[in-house]
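Asker: Structure below; questions to follow.
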Amino acid sequence: MSGMPLFSLPRAARPLAVLPSPARSVWHLGVLPLRAQTLAIVAGIVIAIVIANRGYRHADGPRGVITDIAAWAVPAGLVPAVIGVLTAAAHGQPWEFVHQAEAVVGFPGAVAMGTLAAWAACRRPVDRPPWQRIRFGPVLAAAAPAIAFGLAVAQLGDWYAQQGFGRPSSLPWAVAISPVHRPPGYENFATFAPIFLYQAAWDVVAGVAIVVAVRRLALSGDRVFAIGAVAYSAAGFTLFWLGIGHLPIILGLRAGELGDAAVFVGAIAYLARTRRTRTKTAQSAHKSALERDTPVM
């Protein structure tokens, strides 16, 4: 027993139900390779745009605004990922530092870049009458759940590529990983924790909760977006503890954990800072409505 790995199980003790991994993650259309991860990301982006557009239209937003903004936000959001790919094999300064910085910002950095581009798109001069000018708050409210649902779809790419899994696991829903994709030191383990599945499930629940909150509570768009940031970062920070990646350690945390922790603290601080202001605004609006509707005695 002393030489057996902690999570190693004999064949008879392996879980009866295991989530299998797809046999292929790349298809070739002539000379053009179609990768499952790329297709999943594209599908996630398309679904996010569709959901954001429906949410924005449900709030009586003008037609076509979300697609116009997406033309700015999506390319900007892909910038951190492109930088990470270009510097993945880099050695020496400054490229290695840039790659580590990209590992810290990760998906939150992509959302931040996309949000900044969306804000710029809303601020740009447009040929619209003043009452149809694009307000950024409703755009944020529509984007918050859309990003969560889109991210859930994008997680399918990690499943196909046999990435995004965590420590060895014997749970019935553990994912089977082929030997070629197992990290060094874990070659003798066959099933691992499906972090991508946990993340996808959390994203769906968070997206539904945000939609319900938007429709039932008087929340401004910026606070809705901050709530979405809290939900994502809390899940990301928690699930990182199941991971077995080799990200750099910064301030005692792995790079991804540090980025999620910063987003969580920043979003909580923003919600706390704007709580009193938003409450007063809502009370003032309610008071004005009562004064208008009250008959003169």
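Asker: Per-residue counts of other Cβ atoms within 10 Å, averaged by peptide: what ranking do you get for 148-159, 19-30, highest first?
Answerer: Packing proxy ranking, top to bottom: 148-159, 19-30.
Asker: Here is a follow-up. Near Gln163, within a Cβ-to-Cβ distance under 14 Å, what is the net charge of the other residues, with Lys and Arg +1 and Asp and Glu -1?
Answerer: Here the charged neighbours net out to +1.
Asker: What order, most packed first, do the peptides 49-60, 264-275 have when packing is the mean number of other Cβ atoms within 10 Å of each residue? Spell out each step's value before the answer.
Answerer: Values: 49-60: 17.5, 264-275: 14.5.
Taking the mean over residues of other Cβ atoms within 10 Å, the ranking is 49-60, 264-275.
Every read-out reported here was derived from the displayed coordinates using simple, explicitly stated rules and does not represent laboratory data. Note that the structure is predicted; figures quoted are calculated from it, not measured. Reconstructed Cβ throughout: ideal geometry from the backbone, glycine too, with neighbour counts over all protein chains shown.
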